[in-house]
Amino acid sequence: MFFKKLHPFFFITLFKVLYFLFLVQNSLTASLQPVVAPDNSMGAEFGFSVANYGKLIFSGSPLAEINGTTHAGAVYLHKLESNGSRIFKSKITSPDYADGDKFGYSISCSNNFLIVGAPYEDYADTSSVGAAYIYRIES
């Protein structure tokens, strides 16, 4: 897995619409290609949460607008290539997104699973109770 090969020589600096991957080895820092949301939504907090699984990079954007729904949130999937470049693969959204859910606020990967937090998801008649969505990662 990519993370295990580079760990602990790999860290991330976050910004509002992009973030940079850095490789630190033998006290030297090398900047890899920046990771940018393909829809480049200013203020969507792209990179607010980040996780990886092998060569897959998941980037949360909890304030992303989805089809006119504000702050519904999204998670962007990129694949890191062996030369350090990255390729956008997919934009993941909640199947039942609504205003203010903030899907992508938190992200975690374990084994073959991606877990995405939406802390302000409504449930039944109760607002902002939150939800965690679990996805199986398949190659």
Legend entry - Cβ pairs under 7 Å, 6+ apart, first in the range 72-89 and outside any strand (DSSP E or B), second among the hydrophobic types (A, V, I, L, M, F, W, C) and at pLDDT below 80: Gly84/Leu32
Inset, instruction - Run Phe46 past the list (1) surrounded by fewer than 20 Cβ atoms within 10 Å (Cβ to Cβ); (2) modelled with pLDDT under 90 and report the number of the one that doesn't hold. - result: (1)
Inset, instruction - Working only within the range 73-96, note down all residues that are touching a Leu at 6+ places or on another chain (Cβ under 9 Å) and closer than 15 Å to Gly117 by Cβ. - result: Gly73, Val75, Ile92
Legend entry - Pick from the range 90-116, criterion part of a strand (DSSP E or B) and without any contact (Cβ under 8 Å) to a residue 24 or more places away in the chain, ranking: surrounded by the most Cβ atoms within 10 Å (Cβ to Cβ): Ile115
Inset, instruction - Filter the range 86-112 down to the residues that are hydrophobic (A, V, I, L, M, F, W, C) and within 15 Å of Ser59 (Cα to Cα), then identify the one that is modelled with the lowest pLDDT. - result: Ile87
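The values are calculated or read from the model by the stated rules, or taken from the named source; none is laboratory data. These figures come from a predicted structure and were not determined experimentally. For neighbour counting, all protein chains shown are included, and Cβ atoms are generated from backbone atoms with ideal geometry for every residue, glycine included.
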